[in-house]
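Report on one structure; see the data block that follows.
The values are calculated or read from the model by the stated rules, or taken from the named source; none is laboratory data. Quick caveat: nothing in here was measured; it's all calculated off a predicted structure. Here Cβ is always computed from backbone atoms with ideal geometry, including for glycine, and neighbour counts include all displayed protein chains.
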Number of protein chains: 2
Amino acid sequence: LTEGIGQIMVQSFVQNFVHDFALRGFLLILLGALLISKPAGAQQPALNLLPMPSSVHAGAGSLRVDSRFSVALTGYTEPRLERGVERFLRQLMGQTAIPLNLKPAKSGQATLLIRTDHASKEIQEVGEDESYSLEVTPAGETLIAPNPLGTLHGLQTFLQLVDISTDGFAVPAVNIQDRPRFPWRGLMIDSARHFIPLEVIRRNLDGMEALKMDVFHWHLSDNQGFRVESKRFPKLQELGSDGFYYTQDDIRDVIAYARDRGIRVVPEFDMPGHSTSWFVGYPELASAPGPYEIERRWGVFDPAMDPTKESTYQFLDEFIGEMAKLFPDQFFHVGGDEVNGKQWDASKEIQEFMRAHGIQNNQALQAYFNKRLQPIVEKHGKSMIGWDEILDPALPKDITIQSWRGQASLAAAAKQGYRGILSNGYYLDLGWPASRHYAVDPMSGDAANLSPEEQKRILGGESCMWAEYVDAENIDSRIWPRNASIAERLWSSAEVRDTASMYARLDVVSTRLEWRGLTHKTSYWRMLHRIAGAATPEEFAALRTLTEQLEPVKDYTREQTAPVEPTSLTPMNRVVDAVPLESAAGRRFGELVDKFIAASCLDADAGARLRTQFAAWSDNDARLAPLAKRSLLVREAAERSRDLSALGTMGLAALDAISKRQPPPGSWKTRQLATIEQLKKQKAQLLLIPVPAVQKLVEAATGGTCMGAK
Amino acid sequence: LTEGIGQIMVQSFVQNFVHDFALRGFLLILLGALLISKPAGAQQPALNLLPMPSSVHAGAGSLRVDSRFSVALTGYTEPRLERGVERFLRQLMGQTAIPLNLKPAKSGQATLLIRTDHASKEIQEVGEDESYSLEVTPAGETLIAPNPLGTLHGLQTFLQLVDISTDGFAVPAVNIQDRPRFPWRGLMIDSARHFIPLEVIRRNLDGMEALKMDVFHWHLSDNQGFRVESKRFPKLQELGSDGFYYTQDDIRDVIAYARDRGIRVVPEFDMPGHSTSWFVGYPELASAPGPYEIERRWGVFDPAMDPTKESTYQFLDEFIGEMAKLFPDQFFHVGGDEVNGKQWDASKEIQEFMRAHGIQNNQALQAYFNKRLQPIVEKHGKSMIGWDEILDPALPKDITIQSWRGQASLAAAAKQGYRGILSNGYYLDLGWPASRHYAVDPMSGDAANLSPEEQKRILGGESCMWAEYVDAENIDSRIWPRNASIAERLWSSAEVRDTASMYARLDVVSTRLEWRGLTHKTSYWRMLHRIAGAATPEEFAALRTLTEQLEPVKDYTREQTAPVEPTSLTPMNRVVDAVPLESAAGRRFGELVDKFIAASCLDADAGARLRTQFAAWSDNDARLAPLAKRSLLVREAAERSRDLSALGTMGLAALDAISKRQPPPGSWKTRQLATIEQLKKQKAQLLLIPVPAVQKLVEAATGGTCMGAK
């Protein structure tokens, strides 16, 4: 819409101020060509839609949302759609605070007329039609979809369009045609390392619905916990979960909740490694006698199932049979990652078995295990999926590979005829910025060279929330809002990749996800207050000024940098547990510095804002000091507080030099850069995010366009 | 504790730097005298206890709270205590994020040893012993109480003591002896005018538990809704509630939930006025034939029960009989307020009845109604309570008066032998600051002159949350944190009345109430985001800068100032619905101005902070303008935004004059004061809170100590 206005403004400028008619005609033609030739990704209207639909055409005017707003279901209908409409109306009430009638309207009088053509599959399948079309005019709205999956998606699109306007709450007139690029758009949550309560699972399903994600991959067992009730093998949960597990009724509830939101639930039981918790109750499954205890540490451990005993497969046959009935989805995830093979190496019997069967190495032994496992999974009506370690040409083409170690294995699998999904690049626990996840495309890298038929085997991707450092309190803030950038990558066209646009929409989505019940913002607040204790408002403000410029250490460095070895029993109440994995304030500060420098440091407003920020940082350590003295949890971050103040002082000096257009001596720059190298290092497992931006300013103050523009 | 340290510091200063021995001795004696002669209210240690206990003696050292923390119940025990301990441990986990074992410990090994002497009453009664004693040492903690009510209170005191320290989470060593001043410490919630969902009721009971309030007065019927399921008279809820009512199971759940927290539930069914919703299903109860509809407007309306028909009392006998079984509490609230008598005046039959029975006027007719009602209430085993309109010497002394129209009626009732509770001065919906509620004492005014025996009849008080302008979303922010100041008034000694101390502790309590699930802070945030729509972070910050200096209009002016007549269906999504009833930022700004002026405007730090604040205000309207253009809900407050900027500019001018010690011409002052008078008026039903403080600065800039101190 703003683009349309921009176009009109330029046109009227040309018409009013270019008096040479020939030049005027030329400019108008050029303008038209420019607008037409823009790449698809840049033609997005300024609507806060995320993921961006396949096609959006803005109309004229808008549809008011007031207390007369009503919905009618026509065509095919079912209880799920009725519940979906009621949920939609409740969400709309939450967004507007306008009391609405939750009962369906007669079709002739409805503001929103829904037409669904036919049912979707009884058990939701990968690759079902999820398309919909949405037409909003000032008179009303029509949502048309082949089946309920598209209808549910279309309702979410409508909710994103509702915003406060000059005329109250309204939706701009628009015509949207939409369908996903990939059929598999998943989020994996690890409920094994830390137990994640049901209500947290549910609110994350609400978040997935808002972002049109359609697969909840549930990591349900690992060394640190077995989280599902088995009636056949009750010692799994009784001895393997510390009492923290989901009953079969809980599981059924979650599956129904997910289905209502167009989401499949794929269970994962990781085997033959990552399975210590199984062995507490059933040590006979393992490759060494035991006894076993629930693992409290993080990492890769030795215990693994014994692939050489028939009893292992008998157990798995019965167990998978039970779970296959509990989880209706066609896919069954067997894990298969990170088997270190040490128990296998150490077992005389296993070594003898390998020799007797000509199994060359542990990788081949795991392939043997998978060859035995796959028919069991198939026998129970499921299609096997596993991490990329299970990729082996001896397995039938029905299995699916989840690529976590790199994008190459995804392409390799597709080339060999296997289906695959991408998770490499989508690990939420590594603490990457949304922009970095956003840049990862399942079809890039080796996949770009696949044939069209091979490419079809790439079903999509999944973000992964591994739970070493998350629990019920902070998990939302580790998933959201960054996960929304992955949702857009998997739904929208590959050409939709304007990072600035993504972040602008992400800010809006992030607020609205809180309205849906997610706690990624409020939990940060809560945790910060715990850290601050009974601080004064001024002290708390100082703590916030510090923490909003901090992020936890990235990638796999958290264990290495830990002050004491972390376990599943370690309280997660430190600053590193509280601060978001991507600092919005830090990102905006970086953008401000870039803007300032891009304008040759002549942008007075940006300069003034930088100065205010630096001055606040420079004073902040003194403001925080009394609190740091009293609170152990604040004190841990005290060194970072001094660092932030040092950075503020450095920034002020750089701005002074720039405003005087008088570069400081070379020794100053050398000293600052040495300090900056120190500031870039983690302390208390915390990174100081604005350091690289201040480095740019120091560089700018000692040469280049800024100093030349005196 | 800080006071203790202060004492030691002053003593050591005297000993080290005062070398004249005679003077030194004199100073030390003087110092001792000063400390001893402090009023009780000021001797509070710097612990964040609210309500302040009867006696607090600080010990040496502190008790660490770590993962080994455990609790043992000894003496009398019951399931309620076991649930209470588990809830306590969960709350402690929430406060610290330290994983704790929820199972009780053997008494010898417990960190916290609880000893409860005996059971409390089966049905909680007014005036039961609620005392407890709590002794914390570095080695452990003992909580002793005569019965479970005191035990529950003591656990809450302990939770308030837990804070982050230099040594992790800890509780300072302390000995507390505590008991309430008044036995009746209530909160009334009006669920009739707007329906308040169960989870909101429950979280408010959690808040009451934290503040040791012991009566939940539930206003369940009014003109705008009848909110309880009656099986005997089902048209009450079927036709009188729009479907929004509590089932009898819901009610039983709430009562059990309250009892677990040491809280009685007193139901109120308002009669004979405030009862239109009854008449929708049962018009024969009314004094005019009907038909009736649920009232949507606010105010006092004509419909009233017909006190002259026997059928009215037959209905009430059956209805009260049913409700008396549902609500176990000994008290039954019959309302009785605001009968305007117009239906009575207009009814020939009623007028004839009055003549025949020698009933002089409508007040006497209501007294007749109450005389008939009271035996019905008593017959069903209950003691009648009502608003002060029911006070009539003809009623037996068993009834209790809830005084809302003034404090005099409370004393009058006590003098006549009736028991009473105070609500005048505790109406949360009037928007008073906490300090004003805090200053209202049930024993002040006429009550101060009562005999000791008469004073005993004053049982306590109740804050009241009338629901014209609250719903599930904003009700918490209308109750909390201000309600905590009333909780302290009713629990703590009359000498505890240091407003600054109360506010300092209230800030901490407010944060912790959010941890308990109350949403008074987060709902404001949520509503502000709705008002802002898809604002940029800068625009949102500008909106926040404005709204944190605003409060809704006070007392009963909301109807008169409304742009259109509000009803129970009016969306509550405006700025006036979102901003807290007491602005913490506004209060702190006022304190800063007072501090600055008290230091003859020579406090450089305060001056600098004021300047920063004024500069931000002065610029703020320009920052907010783009958003005000786009959002109808922001635009409504646009005039207040210009006012805030004007106030900022005025403040800067005053500071300039003060810093130059150069008073501006008299015409300047006249102009500013004229502007200030305009700024004091409501606009968009919003008050600009810092106006009086800026007025003080303008006065200071034009004379007085500040200008004399040149």
Determine which single condition B:E565 fails, assuming it passes every other condition in (1) under 25 Å from the mean Cα position of the chain (by Cα); (2) surrounded by fewer than 15 Cβ atoms within 10 Å (Cβ to Cβ); (3) touching a residue at least 12 places away in the same chain (Cβ under 8 Å). (1)
Which is crowded, with 21+ Cβ neighbours inside 10 Å and either within 29 Å of the chain's Cα centre (by Cα) or modelled with pLDDT of 95 or more (or both), of A:T142, A:T151? A:T151
Being surrounded by fewer than 21 Cβ atoms within 10 Å (Cβ to Cβ) and either in contact with an Asp or Glu (Cβ under 9 Å, 6 or more places away or on another chain) or over 17 Å from B:D250 (Cβ atoms) (or both) is the requirement here; does B:P172 meet it? yes
A:R193 among the charged types (D, E, K, R), at pLDDT 95 or above and in contact with a strand residue (DSSP E or B) (Cβ under 8 Å, 6 or more places away or on another chain): yes
From B:G240, B:G186, residue being within 24 Å of the chain's Cα centre (by Cα) and in contact (Cβ under 8 Å) with a residue 12 or more places away in the chain: B:G186
List, please: which pairs have Cβ atoms under 8 Å, are six or more places apart or on different chains, and start with a residue in the range B:129-154 that is farther than 12 Å from B:T116 by Cβ and end with one that is part of a helix (DSSP H, G or I) and of a type in the set (A, V, I, L, M, F, W, C)? B:E130/B:L149; B:L134/B:F158; B:V136/B:F158; B:V136/B:L161; B:E141/B:F158
Please go through (1) within 27 Å of B:S510 (Cβ to Cβ); (2) more than 10 Å from every other protein chain (Cβ to nearest Cβ); (3) assigned to a helix (DSSP H, G or I) for A:R512 and return the number of the only condition it doesn't satisfy. (2)
Given the condition closer than 15 Å to B:G154 by Cα, more than 14 Å from chain A (Cβ to nearest Cβ) and surrounded by 21 or more Cβ atoms within 10 Å (Cβ to Cβ), answer yes or no: does some residue in the range B:91-112 qualify? yes
Counting only residues that are small (G, A, S) and surrounded by 17 or more Cβ atoms within 10 Å (Cβ to Cβ), which one in the range B:533-562 is modelled with the highest pLDDT? B:A542
Residues being away from chain B (no Cβ under 13 Å) and over 15 Å from A:S523 (Cα atoms) - total across the range A:569-581: 0
Reported set for the range A:209-220 where residues are outside any loop (DSSP other than H, G, I, E, B), under 14 Å from the mean Cα position of the chain (by Cα) and buried (at least 24 other Cβ atoms within 10 Å of the Cβ) is A:E209, A:V215, A:F216, A:H217
Quick one: is A:Y524 part of a loop (DSSP other than H, G, I, E, B) and more than 10 Å from chain B (Cβ to nearest Cβ)? no
Is it the case that B:R530 is over 29 Å from A:V162 (Cβ atoms), surrounded by 21 or more Cβ atoms within 10 Å (Cβ to Cβ) and within 11 Å of another protein chain (Cβ to nearest Cβ)? no
Taking the stated definitions as given, is A:G273 over 21 Å from the mean Cα position of the chain (by Cα) and free of Cβ contacts under 8 Å to residues at least 12 places away in the same chain? no
Considering only the range A:537-562, state which residues are without any contact (Cβ under 8 Å) to a residue 40 or more places away in the chain and in a loop (DSSP other than H, G, I, E, B). A:E548
For the range A:405-475, please list each of the helices (runs of 4 or more DSSP H) lying entirely inside it that holds at least 2 residues being touching a residue at least 60 places away in the same chain (Cβ under 8 Å). A:434-438
Return only the number of the condition from (1) within 14 Å of chain B (Cβ to nearest Cβ); (2) buried (at least 20 other Cβ atoms within 10 Å of the Cβ) that A:S501 does not satisfy. (2)
Among what's in the range A:678-691 and is closer than 14 Å to A:K554 by Cβ and assigned to a loop (DSSP other than H, G, I, E, B), pick the residue that is nearest to the chain's Cα centre (by Cα). A:I689
Quick one: would you say B:D129 is at pLDDT below 95, more than 30 Å from B:D250 (Cβ to Cβ) and surrounded by fewer than 23 Cβ atoms within 10 Å (Cβ to Cβ)? no
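Condition check ((1) over 23 Å from B:A585 (Cβ atoms); (2) more than 12 Å from chain B (Cβ to nearest Cβ)) across all residues:
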residue: A:P537; (1), (2): no, no
residue: A:F540; (1), (2): no, no
residue: A:R544; (1), (2): no, yes
residue: A:P552; (1), (2): yes, yes
residue: A:T561; (1), (2): yes, yes
residue: A:T567; (1), (2): yes, no
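Residues are listed down the side, and each one gets a yes or a no for (1) at pLDDT 95 or above; (2) surrounded by 17 or more Cβ atoms within 10 Å (Cβ to Cβ); (3) in a helix (DSSP H, G or I):
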residue	(1), (2), (3)
A:A653	yes, yes, yes
A:D656	yes, no, yes
A:Q662	no, no, no
A:Q672	yes, yes, yes
A:I676	yes, yes, yes
A:A693	yes, yes, yes
A:L697	yes, yes, yes
A:C706	no, yes, yes
Restricting attention to the range A:55-90, and to residues there that are part of a strand (DSSP E or B) and of a type in the set (S, T, N, Q), which single residue is nearest to the other protein chains (Cβ to nearest Cβ)? A:S62
Listed by range, helices (runs of 4 or more DSSP H) wholly within the range B:307-373 having at least 3 residues that are in contact with a Pro (Cβ under 9 Å, 6 or more places away or on another chain) and closer than 27 Å to B:V266 by Cβ are B:310-326
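For (1) more than 14 Å from A:F540 (Cα to Cα); (2) under 31 Å from the mean Cα position of the chain (by Cα); (3) touching a residue at least 24 places away in the same chain (Cβ under 8 Å), each residue gets a yes or a no:
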residue	(1), (2), (3)
A:R588	yes, yes, no
A:A599	yes, no, no
A:G607	yes, no, yes
A:A615	yes, no, yes
A:N620	no, no, yes
A:L624	no, no, yes
A:R640	yes, yes, yes
A:D643	yes, yes, yes
A:T649	yes, no, yes
B:D242 being within 14 Å of chain A (Cβ to nearest Cβ) and closer than 30 Å to B:P138 by Cβ: no
Looking at the structure I just gave you, is B:S493 under 21 Å from B:V266 (Cα atoms) and outside any helix (DSSP H, G or I)? no
So A:R588 clears everything in (1) part of a helix (DSSP H, G or I); (2) away from chain B (no Cβ under 14 Å) except one condition, right? Which one? (2)
For the range A:601-647, give me the residue count where each residue is under 18 Å from A:K683 (Cα atoms), more than 14 Å from every other protein chain (Cβ to nearest Cβ) and of a type in the set (G, A, S). 3
